[in-house]
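The values are calculated or read from the model by the stated rules, or taken from the named source; none is laboratory data. Fair warning: this is a prediction, and the values are worked out from it, not measured in the lab. Ideal geometry is used to build each Cβ from the backbone, glycine not excepted, and the neighbour counts take in all protein chains shown.
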Amino acid sequence: MQFDMITSQERLKSFIQTIDNSTLSIDTEFVRTRTYVANLGLLQLNQNNKITLIDPILVPDLSTFWKTLDSKKCLLHASGEDLEIIRQHKGDLNFTLFDTQIACAFLNLGASLGYAKMVELLREVIVDKGESRADWCIRPLGEKQLNYAATDVLHLPYCFSKLKEKLIEKKMYDFFLDECRSTLEDKMKTQNPDNAYKSLNNLFKLDRQALATAKEIAKWRLNTARQRNLPLNFVLKSDHIWLIAYYQPKSIADLQRLHLMPNEIRLHGSSLIKVIERVLTEDPESYPQLISRLIDFPAYKKTLQSIREKVKYCAEQYQLPIELIASKRIINNYLSWLWIIDEDHDQLNGKPKLLKGWRFELIGHQFEH
């Protein structure tokens, strides 16, 4: 397969001068096993059927390239993790997104169709995915790896042209664009450390003091992971945050009785005890409110079933995957907003997805808002 390989700042500068305003296909290869932030291993591009691979290890300063993406039309497949990496390096997502996986969903080809399956369906070509688990940060990269990486952008323009035709024919193209814009907006949101505890399990079993402890430890863990570039669970396992919050250990010996990982206690034991002590000095009125579960609301099961039936009918009517219209998470997000389980939900996030954009037009207008 033919492609250009960028391995120096000089060649990158020359390449950037060739980028025009036509749609730019993008993919990334990365490693994210022992770090909080993914390590970019390779950047693949296809514009005007010319494939270019950029080596970010040999060309560490890509700032001029990221800037060229401003206001461009960018074509990706299953863009979630790629967008995280682009945002991490670029600082924003100031471009127009076309995500072929989202396009496939609107055509009822699958809620999360993989790239290889898409190419097989639309182009009748089998894509070899044998290098998907390679370590992309080790040099040199082999010829097989590079060909695999180039293939990930080779078929994107052709597939999107076919998908776009079908979306226009189905009168779903504007809905597709709306969902792509929403995807960019979601990826631009950063996690507030004060809310990190809300993703933990079994919070409803904790009293307000324990919740305050969980909140502060989860905040400390997130900040520590970011500062040291470590996965969250390498700092402290999520289940262990709950144990600490519930049992309120007062000493290292107390922590050891909770059967935490030895490294968690050795590296962070003193910090954890200080967090607990600090919570005890705070005004109890400042502690988080008790957690209410949707499942405990008397109307939850009946309401959930009613919404699911309407979503199923809508999915059949418009030939869309149920998960695209309203997954259980989207429905629960709507019910949490409706019943004000999280008091700051409306202020922080605005209306839920079910009441915005194309979802509101298709089905959301039927619900309370």
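Looking only at the range 279-302, residues that are within 12 Å of PHE204 (Cα to Cα) and among the polar types (S, T, N, Q) come to 2 in all. In the range 158-167 there is no residue matching the filter, namely being surrounded by 14 or more Cβ atoms within 10 Å (Cβ to Cβ) and within 21 Å of the chain's Cα centre (by Cα). Scanning the range 308-324 for residues being loosely packed, with under 15 Cβ neighbours inside 10 Å and without any contact (Cβ under 8 Å) to a residue 40 or more places away in the chain gives a total of 6.
Out of curiosity, is GLU216 more than 15 Å from ASP99 (Cα to Cα) and outside the structural domain of ASP55 (by TED's automatic domain parsing)? So GLU216 fits the description; yes. Could we say that ASN49 is over 20 Å from the mean Cα position of the chain (by Cα) and on the phi > 0 side of the Ramachandran plot here? Spelling it out, ASN49 is indeed over 20 Å from the mean Cα position of the chain (by Cα) and on the phi > 0 side of the Ramachandran plot. Residues that are aliphatic (A, V, I, L, M) and free of Cβ contacts under 8 Å to residues at least 60 places away in the same chain number at least 2 in the following helices (runs of 4 or more DSSP H) confined to the range 190-293: 208-228, 238-247, 252-257, 262-280.
Screening VAL31, VAL37 for residues that are touching a Gly at 6+ places or on another chain (Cβ under 7 Å) and either under 24 Å from ASP128 (Cβ atoms) or assigned by TED's automatic domain parsing to the domain that holds ASN147 (or both) leaves exactly one candidate, VAL31. Scanning the range 189-233 for residues that are surrounded by fewer than 18 Cβ atoms within 10 Å (Cβ to Cβ) and more than 18 Å from the chain's Cα centre (by Cα) yields ASP194, ASN201, ASN202, PHE204, LYS205, ASP207, ARG208, GLN209, LYS219, ASN223, GLN227, ARG228.
Residue-by-condition table, conditions (1) buried (at least 17 other Cβ atoms within 10 Å of the Cβ); (2) of a type outside the set (A, V, I, L, M, F, W, C); (3) free of Cβ contacts under 8 Å to residues at least 12 places away in the same chain; (4) over 19 Å from ALA116 (Cα atoms):
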{"position": "LEU24", "(1), (2), (3), (4)": "yes, no, no, yes"}
{"position": "PRO60", "(1), (2), (3), (4)": "no, yes, yes, yes"}
{"position": "THR64", "(1), (2), (3), (4)": "no, yes, no, yes"}
{"position": "ALA78", "(1), (2), (3), (4)": "yes, no, no, no"}
{"position": "GLU81", "(1), (2), (3), (4)": "no, yes, no, no"}
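Once the range 168-188 is narrowed to residues that are closer than 12 Å to GLY357 by Cα and of a type in the set (D, E, K, R), the residue that is surrounded by the most Cβ atoms within 10 Å (Cβ to Cβ) is GLU179. Among the residues of the range 53-67, some residue qualifies, meaning at least one is part of a helix (DSSP H, G or I) and under 21 Å from the mean Cα position of the chain (by Cα).
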